[in-house]
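Following: one structure in structure tokens, then a few remarks.
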Amino acid sequence: MAKEKIKAKILRFDPDKDKQPYFQDYDIDVNGPVSISELLALIRRNIDSTLAFRTYKCYKGSCQTCVVRYNGKVVKACATQIMPNSEITLEPAAGGKVVRDLVVDFAAM
Ligand code: FES
């Protein structure tokens, strides 16, 4: 059983339903450090199946499919580790059109 938590504030937006983006808070049980990609997968699997994010392609930090804004900085989600008991903010990366939540279409600008 997980004894540690990460608190994540994630910007949500579904253009079909929402007038404005809004932040949603999650408390995620973890067993040690996790990558942002792993954290998002834990949320979707255990807490909220509606959260949209790009699932990784290479998982080696080379394709950049997984980029998100983490505490204001653009990072590769698969290559960025989060320590237990952290409080983080995740937003879609700038530079494209938000399709839903953390999914950005970089070709649509
Ligand atoms: S999945 Fe390729 S850089 Fe993250």
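The values are calculated or read from the model by the stated rules, or taken from the named source; none is laboratory data. Quick caveat, the model's predicted, so the values are computed rather than measured. In this analysis, Cβ positions are derived from the backbone assuming ideal geometry, glycine residues included, and neighbour counts consider all displayed protein chains. Only protein heavy atoms, including side chains, enter the accessible area calculation; ligands, DNA and RNA are left aside. Shrake-Rupley method; radii C 1.70, N 1.55, O 1.52, S 1.80 Å.
Odds and ends about this structure:
- Using a probe radius of 1.4 angstrom, the carbon and sulfur fraction of the accessible surface of segment 4-105 is 46%.
- Available extension along the chain between Lys73 and Asp105 is 9.7 nm, counting 0.36 nm per residue and deducting the alpha carbon span.
- Backbone phi angles across segment 38-47, fed through the Karplus curve with coefficients 6.51, -1.76 and 1.60 (θ = phi - 60°), yield HN-Hα couplings of 5, 4, 5, 5, 5, 4, 5, 6, 10, 10 Hz in residue order; Gly and Pro are listed as x.
- Partner lysines whose Cα lies under 26 Å from the Cα of Lys17, excluding those fewer than 8 positions away in the same chain, are identified as Lys7, Lys9, Lys97.
- Compactness of the chain, expressed as Rg and Dmax over alpha-carbon positions, Å: 13.3, 44
- Spatially proximal lysines relative to Lys60 (Cα-Cα < 16 Å; intrachain offsets below 8 disregarded): Lys76
- Value of relative contact order over the chain, rounded to a whole percent, pairs C-alpha under 8 Å and six or more apart: 31 percent
- Length added when fully stretched, Lys19-Lys57, from 0.36 nm per residue minus Cα-Cα: 10.6 nm
- With at most 13 other Cβ atoms within 10 Å, longest stretch of the chain clear of loop trypsin sites (Lys or Arg not before Pro) (DSSP): 61-109
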